[in-house]
Ligand code: ZN
């Protein structure tokens, strides 16, 4: 337990919601920050606000619309069908929003520094990283150094899910006592359907397969 405050970069999805409750366990005070970046499913910000309310965590939503217009991707461009997997010859699927975590974490760092907060929590994971380069540990460590140099401040970027797969992330939610809340209230689906989602987009598949593996493991131990 840190006797300090933290801010969670919070989208209202499975991963960042698990991180929100992890942060509540680990830090004296927790704040949450969401971004409207031109995502097709802007209601995720309102779902995030509702979850933060249930968690008793102060919530701030900020507008960063340029992210959705700078790059061309299927999460912000409604005319673009989303890749179900990484296409041959490509580095990542077209659901990758270039620069998203770079911008989010940089803005969160400025926001945190203004309030005397050093600890920033993000739900990125290298294990099930879906081909997104800005979810990898090397990027986070590099950005941590850059932010500290940029603002002459000792930020600590926390990534509690970095080495967990989706089943282990469900296990962590269960350990934190919020498995049902995460299952019911969060929005992970690329088609904008909360809870168990549409069932067939890549985000739903990853989430469901992880949950099935975790629940099967629980049954095996009963
Ligand atoms: Zn879906």
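Structure above, values below:
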{"quantity": "Residues satisfying the stated conditions in the range 50-67, i.e. within 30 Å of residue 178 (Cβ to Cβ) and outside any loop (DSSP other than H, G, I, E, B)", "calculated": "50, 51, 52, 53, 54, 55, 59, 60, 61, 62, 63, 67"}
{"quantity": "Check on residue 83, assigned to a helix (DSSP H, G or I) and closer than 22 Å to residue 203 by Cα", "calculated": "no"}
{"quantity": "Candidates 78, 74 - the one that is under 22 Å from residue 205 (Cα atoms) and surrounded by fewer than 12 Cβ atoms within 10 Å (Cβ to Cβ)", "calculated": "78"}
{"quantity": "Residue under evaluation residue 58, criteria (1) surrounded by fewer than 20 Cβ atoms within 10 Å (Cβ to Cβ); (2) closer than 23 Å to residue 201 by Cβ; (3) in contact with a strand residue (DSSP E or B) (Cβ under 9 Å, 6 or more places away or on another chain), criterion not met", "calculated": "(2)"}
{"quantity": "Qualifying helices (runs of 4 or more DSSP H) (wholly inside the range 128-222; at least 2 residues being modelled with pLDDT of 95 or more, under 15 Å from the mean Cα position of the chain (by Cα) and within 16 Å of the ligand (Cβ to nearest atom))", "calculated": "179-185"}
{"quantity": "The range 19-47: number of residues that are within 25 Å of residue 95 (Cα to Cα) and touching a helix residue (DSSP H, G or I) at 6+ places or on another chain (Cβ under 8 Å)", "calculated": "10"}
{"quantity": "Test result for residue 116, surrounded by fewer than 14 Cβ atoms within 10 Å (Cβ to Cβ) and farther than 16 Å from residue 16 by Cβ", "calculated": "yes"}
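The values are calculated or read from the model by the stated rules, or taken from the named source; none is laboratory data. For clarity, every value in this text was computed on a predicted model and none was experimentally measured. FYI the Cβ positions are ideal-geometry reconstructions off the backbone, even for glycines, and counts take in every protein chain you see.
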